[in-house]
1. Which peptide among B:598-606, A:110-118 comes first, and what is the full order, when sorted by highest mean count of other Cβ atoms within 10 Å?
2. Ratio of alpha-carbon Rg to the 2.2 N^0.38 Å globular estimate for region A:98-173, to two decimals, please.
3. Considering only the label points, 7 Å along Cα→Cβ from Cα, what distances in nm to one decimal separate residue A:613 from the same position in each other copy, shortest first?
4. Points 7 angstrom from Cα along the Cβ direction at residue A:622 and residue A:108: gap in nanometres?
5. Can you figure out the FRET efficiency of residue A:62 with residue A:396, using R₀ = 25 Å and their beta-carbon distance, to the nearest 0.05?
6. What does the helix-only formula give at 222 nm for chain B: each DSSP H stretch with n ≥ 4 adding -39500 (n - 2.57), the total divided by the residues, and the result rounded to the nearest 500 deg cm²/dmol?
7. Suppose you put the label 7 Å out from Cα in the Cβ direction; list, shortest first and in nm with one decimal, how far residue B:107 is from each other copy's label.
8. Shortest first and in nm with one decimal, please list how far the residue B:140 label point sits from its counterparts in the other copies (point 7 Å along Cα→Cβ).
């Protein structure tokens, strides 16, 4: 405050929540969600203040205002709804309200002389408001001001002064000249609903042919779309679809030298046929790809593309823009390394090169190219090995024109790095779920993901497996382990995905003992999969996805609560809708080998259940129904039958003799 | 990030601590303390970064830099010392260090060809550093670059490349062109030591004469100074010393009408003789006041003045600046009110008046006037009833010229309000200590005060009583209650104060049952005190203050830790110096009526004590010594003898047969 500013702005506003890093980054919501905002606002002395939440649906839209409610202890709360994808904004304004302050004192006055004199002061405030008002309000306020100091009995004038009609009128025409504005305007990135709730299936189109070496195409993928849709997935994610480099191509099982028929890794991008804007000829044409997108859309599925910013030595960029790469002193381009390992089939970009501006622009145009082809979801490969500033700029640029685009960050990195990528704009993020298997690990990690302030920007997408990661738990746990991880992913995460058909076909051979790589990884060869395999989890997953679709409680993450079970191998948690109209209670046996039993503690009050009355738990996977009593109930799970209950809780409304009385 | 900025700055810096409200407010330290700073800093990929803490001793001083140390998980820590009172600053800079990154990869290279090629890359980095360096370093680096690619054996060149000599040289001449600066420069208000550690005594000079109605003077106060000094106080705080209003003067016990000899409340400031820059004639002259200040200074005591910004109806401001007050519609000035109560002896300032700039300037000149008389400590009365912006401006203005000045905020208000006043600049703050009496209340409140982030700006000053507050605990607890509260204040708070002689003479009569006001309050009448009263706590307090002086552990607050005692009436805590060279352990019986006993749990490890060996606890109040064993020890306290042990912990260094072997 310098003497040049108006020192009479007496309200201060502090501790606004949500707010990410002092407003440096936006919070995230999806369309039609509410943003609940809290702040401390107060003034010196005992005057009453009015606190307004200001929001707008775009940075150049009109501000709308709603009054915040006091929570006590100088804390205020308000909320607003975000209607459509885009960048919304909010901030807070607060003022001393002289009329409310006057009214508060006035109500406590006892002495007649005192009351009379105070009425004169109040009438003056009402006159001032009349001068600010227009139309009907002005006349009304003028009349009231006159009555307050007129000839009526003191009691009648007192009643008028304290009437809610007068108060409301006064609040419509306040003196805002000394209002305080919070120092920051905060952003909300609003996405479409799929950003919060999505069900991903990843496959390699080239493995879609039943016959060993034949190369699957976009046409085969198109034919598989109805099947994927029936399983209940709504995002079909493809590894890179671009021409694959030949120089230093990797062979099967990551062999340094490829055989003549080895197809190479799709992540070694670029060949004579083109780079990041081209399609691998063996998959088909750009037209075929667009046809796949259309067919998917007809089935409620979106195609997600993998964007991996790196080049094979054959990529056209290497010839056309050698300045975008780092060079050895002998002038040759530096391949990727993690000494002593070399990755000679890959050239990373040099983001510190002098020509970085053109590099950025070109990489942005890659996204734009695929958006034009109809793609609106991108899974970004290793974003943590490219500068944060690049992604922040790129995502903001893309989303300004295309707010519907979803970016999934494939960063398996350190916590701060993953959080930074989420803050700077990635819509969803891969997580550590893949390595969180024990009760303690899962409880701690998912409490962090769903209850800490970081949930405002970090949206988890859970993967029990990926082409790069076959966790030990799946290697040794057999079919129950796959079921368990599927249930956990599908119910702990409103967004989850599997890499199939490896997942549903229980593929569990690592390259070698102690490795998390798949043996005969699809990254380096074409596989054939027997979808008719009797052990397949296809039906189980189909059911799981139907349960997700039918239970809105599972379509968002913030309501997650863990509940006590007196068995270290058993995990219990619930999710529910805001109105508690849909409550899902999950009990999982994490031990894939043995039956485990225990008592589950249900917080009846919290879930709106009445202590003395039974309630029904309906297992949506098996369709079994149980009648439970009280807060402590027994559960036993044989992993070889099913490692989990996914219960819908039904409160008792009639008599326990008839299940239909539960809803 | 727009395309116009340099997108090659790859390091990001986040979560800097300490930082108050995104840097809106400074943290506080006293001279010669350290500021420990932490931050997250990281880059994309696997490059190594260097993180520098930048600090300067004034906003226009030169930046000094120290390297921060990695704590793991992308967190870094550094520290700097603040030398002298004033406004210091700090911020952070971090960069990818290409040489360290190169070295990290280089160390892992195994292949001879690989090593040779990498040496050429490294030599180029060394040459670039040589070009940046001057003098001896330049020649040295040039020579090293040549050797790295020269004819020596590969092993020798490798050894050179990894040598710490080269590394240190390289770190002296880094390429900082793509360095990231943290977006904020953060402030530290550095005070002198008394801001952190001070011992306050408040008295009414007018009550210093033994004889009932006679009016004490600054001369009497001067005569009492050696006595106050002997008791161990270093701040002598006087209620307002200005002329007292006559219009509507309050009588004894706050009577609406004063008798002809009633002296009035010193907080009804201003009369014909002058206002806030004048001295009440019955206390003496300005010269007498300056003489009191000098005498106090000779005894190591500072005079603290009470600044209460309000006026009696007789204050010269009322006549000279009627525009600084609020008016009734009939043109008369509004007195203070809390309807239905009226305070007709007081006119508050109207900080919303049009002429607020002149009002601010005049009020600032009040502080300047008393600073000129030699006052450097102000206890500000009810700051929470004046605008926050006013205080923020005023304190910054005063401290720019007079960084030694200490402001104590007498705000007994809501938590947010008290914290805001501390943030915006008050050096010390009154607290809720006065109303925190139970073990649970004390533990919770002092954990908040000493362990939460707010400790960076909120410096508590603890008062067991004030002229306004005689807590129930003191009313009914007798002498043990006073002793207990004195020990708590003096050991929980590096700064504490008492209002005497009411405190040491155990004055405990409330005006009426249920009131916290003193009967026959000195605020409205002259009292006489019998300092020779045998029950006086004077010797107890003298001892307590000596213990504080001799034990640096008690001179700061952040080391406070509570320890378990298995008795709800007993509280145990410790404080220690940073090097643990001085450890004070306090055990208090909070029950003023009965002996209480319990087992105290001592965290031996944390206090540097060895589990198998006895240690000595030396009660600094009673001089008793006990030999304790292990982490659990028995304590029994009879409140009528002494309600507390104030132990100095002495670790065992020789044999337990001789107490002198403990230190």
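1. For the peptides B:598-606, A:110-118, the packing ranking is B:598-606, A:110-118.
2. Values: Rg = 11.4 Å, N = 76, 2.2 N^0.38 = 11.4 Å.
Cα-based Rg divided by the globular estimate yields 1.00.
3. Computed spacing set for this position: 6.8 nm.
4. In this crude spin-label approximation the distance works out to 6.4 nm.
5. Numbers: r = 23 Å, r/R0 = 0.91.
After rounding to 0.05, the efficiency reads 0.65.
6. -8500 deg cm²/dmol
7. Result for residue B:107, in nm, nearest copy first: 6.9.
8. Label point to label point, same position, other copies: 8.3 nm.
None of the figures in this text is laboratory data; all of them are computed from the coordinates on show. The shown structure was predicted, so the numbers you read here are calculated from the model rather than taken from an experiment. Ideal geometry is used to build each Cβ from the backbone, glycine not excepted, and the neighbour counts take in all protein chains shown.
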